[in-house]
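Visitor: Dropping the structure in here first, questions after.
The values are calculated or read from the model by the stated rules, or taken from the named source; none is laboratory data. Here the structure is a predicted model, which means the values were calculated and not measured. Methodologically, a virtual Cβ is constructed for each residue, glycine included, from the backbone with ideal geometry; neighbour enumeration extends over all protein chains shown.
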Amino acid sequence: MFFFFVGGVDQQVRQVLKSGASRCIRCGSLADLVEYEKVLKLFFVPVWRWSGKEPAMYCNNCSLFFPRDYSLPPVDDKPSSLLPNVPRCYSCDRVVQPEFRFCPFCGASL
């Protein structure tokens, strides 16, 4: 007998609490503060829903949920050529700490 299971748990936005409250930790675009819910789906049909523990941030650009207490440094207005001694990510050009082996913003190796 062969049993094939198609389903899983997904997160969905239930309500937007504050639009443009922060920046996304992955792509840097604006992220909203939202209440979310987790949804159990079987054969792509929602079966059971339950709410998340606390509000989270949601990026509409890359569909990432992340904790709201994670804060990004402000965007640098100065080009990297003006700050030669500051270590930066080769992929996203953001300032990173010298002891990091991976960029905390985009995940690229340094």
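Visitor: Evaluate region 80-96: report whether one residue or more is modelled with pLDDT of 90 or more, surrounded by 12 or more Cβ atoms within 10 Å (Cβ to Cβ) and in a loop (DSSP other than H, G, I, E, B). First the steps, then the outcome.
Guide: Taking region 80-96 and keeping what is modelled with pLDDT of 90 or more, we get none.
Within region 80-96 (the criterion being modelled with pLDDT of 90 or more, surrounded by 12 or more Cβ atoms within 10 Å (Cβ to Cβ) and in a loop (DSSP other than H, G, I, E, B)), the answer is no, since none of the residues qualifies.
Visitor: Can you say whether Leu17 is in contact with a Phe, Trp or Tyr (Cβ under 9 Å, 6 or more places away or on another chain) and not acidic (Asp, Glu), as far as the supplied structure shows? Even if it seems obvious, please write down each step before you answer.
Guide: On the way: in contact with a Phe, Trp or Tyr (Cβ under 9 Å, 6 or more places away or on another chain): no; not acidic (Asp, Glu): yes.
Taking the combined requirement at face value, the residue does not satisfy it.
Visitor: Considering only residues that are basic (Lys, Arg), more than 19 Å from Asp93 (Cβ to Cβ) and exposed (fewer than 14 other Cβ atoms within 10 Å of the Cβ), look in region 39-79 and name the one that is modelled with the lowest pLDDT. Can you show your working first?
Guide: Step one: filter region 39-79 for residues basic (Lys, Arg), giving 41, 49, 53, 68, 78.
After this cut, where a residue has to be more than 19 Å from Asp93 (Cβ to Cβ) as well, the list is 41, 49, 53, 68.
Filter once more, keeping what is exposed (fewer than 14 other Cβ atoms within 10 Å of the Cβ): 49, 53.
Working: Arg49: 91, Lys53: 87.
Among them, the one singled out is Lys53.
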